[in-house]
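In what follows, a structure is listed as structure tokens, so that the remarks can point back to it.
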């Protein structure tokens, strides 16, 4: 029963929005200044991390696919995204889905799962890394509809990449936000090109 309560907590998006608002009050000016001053450095580092994440993710999914593992299939959340983008006739719904996936979700999720957790638990606390990693995966888990290992295999590589770039950028939140956004753009582009691609 405790898992149902935990799942319900992760579906309270208004809490996420409050945390994101608090983050932008505390950290927004620094993010904006770093984006204007260090744009080339930010995008170069994000691009390198993006290549690493894509390569590691595809290798993981390929190995699961090769061994005929059921975990090579997309998670329930990814399947919902595929359905939204491929079967919806209303363009505004598709555009809204793309906007939420590529702009709103990265902003809010990085504020919650990176900035908030590392501010509260401490940047030198090893538990912060574990909490950031696990809460991100829990928030994408469709409790009661899929085994927990589905989102674990689906989101682990990206989550480690978001945490790592946050740390490597000297805790500058704009790095994981941009990386997260581009990862989602790549995912949506793959879905639009080939929704049956086996390694997403």
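Each reported figure results from applying straightforward, stated rules to the coordinates on display, with no laboratory input. This is a predicted model, so every value here is computed, not measured. Because the Cβ atoms are built from the backbone with ideal geometry, glycine has one as well, and the counts that use them run over all protein chains shown.
Annotations for the structure displayed:
- Degrees separating the helix 39-66 axis from the principal Cα axis of the chain, which is the longest one: 30 degrees
- Once Rg and the Kirkwood radius are both taken over the C-alpha atoms of the stretch 86-164, their ratio Rg/Rh works out to 1.06.
- Order by protection proxy (mean Cβ within 10 Å, highest first), peptides 134-141, 82-89, 116-123: 134-141, 116-123, 82-89
- The chain, helix-only ellipticity at 222 nm - DSSP H runs n ≥ 4, -39,500 (n - 2.57), divided by all residues, nearest 500: -24500 deg cm²/dmol
- Neighbour-count ranking [beta-carbon atoms within 10 angstrom, fewest first] of 68, 29: 68, 29
- Rg over Rh [alpha-carbon atoms, Kirkwood Rh] for the stretch 11-193: 0.96
- As a size descriptor, the averaged projected area of the C-alpha convex hull of the stretch 66-121 was calculated at 5.9 nm².
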